[in-house]
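Here, each number is a calculation from the coordinates, and none is a lab measurement. Source: prediction; values computed, not measured. Reconstructed Cβ throughout: ideal geometry from the backbone, glycine too, with neighbour counts over all protein chains shown.
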Amino acid sequence: MGVAASVQFSEAKFTQQVEDTLKSIRSLDKSERITPLKGIIETLQNDMQLEGNNIIKSDLAVWRQIFEAVEDLDQDIIKDFGLCHDAIASERVDLFKFFAGRLNQTNLQEMVKSELSDAIDYCMPAFDHMCEIANMAEITRDLDPDKRKYAFHSAAMRGNLPMVNLLLYDLDPEQQIALVKSENSSGQCAAFRFAANSGHNDVAVRLLEVASTQGDRDDIISTEGHYPLEYALGSNHPGIVALILDKASPAIFEEMFDPTNANYSPERAAIAARIRESVQDRLERSPENEAVRRFISSSRVASNPQILNNLFDSTTLARIQPKDTNAERANSASHPKSASQLSPRNNQNEHN
């Protein structure tokens, strides 16, 4: 019986049906008890999938009754009916904890390995609970490479640094950088782009740390065709913009945005055009875009008029640049700073 299709469904009648069925199966052998319960279990599963509009409000109590009646068959029911999967898909953390808590260690490990990607995608609290009750090091060690990559991209997108570290933990340096640079189905160096687009600074820092060990930092910062800075600027994440400005080699910005550079290419010009369009659109909607301001005020960009002119028209620049910039420069030229003021400051503004 599907509760979603039953307009006349009565929880009181269903509760009575459950009680009557549970009484009737007590005289049956354990192996025979699941079949009479199949209709009830399927009704509960259908109700679970109503996305918060559940008709059976006392479903957790009913599940407790069922598992008390079937005794040690709860392992088979949870596995055969895919109850943990349904609880994750329905974002029912209470039910997921209940089902997972009844599994023995072997079945628990198998379930977590199977449902890991879905938990990251649909129900992060379920993933958090997995990390508390399962041996995650064992699970990630034996994880299928494609599942590992998918879980890694999902964790980066959601800013789940513990999971990012866990998926990197048992890999050698070459395998780590391969995972960090792994592409999604669209051919994008996905993990860093996802972190940049979502503004997850701690994850982005970790990815750059791994890339730096193999000298591949610029590769993930400047993946040709899919430039993370485009997403950080467009999504207004000044922290990510500052990180890219700090970690990328100077050549990246000149090759990407300076048409006079020898390595400037049509592909990079297309990226610059896309960034310009994204930034212009954001500024139209939010003139106080802090990420854009952080970008144009950085020493790497502000000192190169070719980059500024390639990204912003004069009207936009006049609107978003500090009005006293030119006056400050003139004043600085005519009144040199003291020796203490001329000492390096480690670009503090770009780290904040």
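In a shell of Cβ-Cβ distance under 13 Å around I34, excluding I34 itself, what net charge do Lys and Arg (+1) and Asp and Glu (-1) give? Around I34, the surrounding residues sum to -4. The trypsin sites (Lys or Arg not before Pro) of segment 72-167 include none that meets both criteria, a DSSP state outside H, G, I, E and B (loop) and at most 11 other C-beta atoms within 10 angstrom of the site's C-beta.
State, to one decimal in nm², a quarter of the convex hull surface area for the C-alpha atoms of segment 47-112, i.e. the direction-averaged projected area.
4.2
When only alpha carbons of segment 131-188 are considered, Rg and Dmax amount to 11.1, 35 Å.
In this simple spin-label approximation, D146 and A262 carry label points 7 Å from Cα along the Cα→Cβ vector, and these lie 4.4 nm apart. The GluC sites (Glu not before Pro) found in segment 43-96 that occupy coil by DSSP, while having at most 14 further C-beta atoms within 10 Å, are E51. Normalised size of segment 1-130, defined as Cα radius of gyration per 2.2 N^0.38 Å with N residues, equals 1.05. Residue pairs exceeding 20 angstrom between C-alpha atoms, taken from K181/K247; K13/K57; K113/K147; K30/K113: K30/K113.
Per-residue Cβ neighbour counts within 10 Å put S154, S10 in the sequence S10, S154, beginning with the fewest. The share of C-alpha pairs in segment 71-214 whose separation exceeds 18 Å stands at 56 percent.
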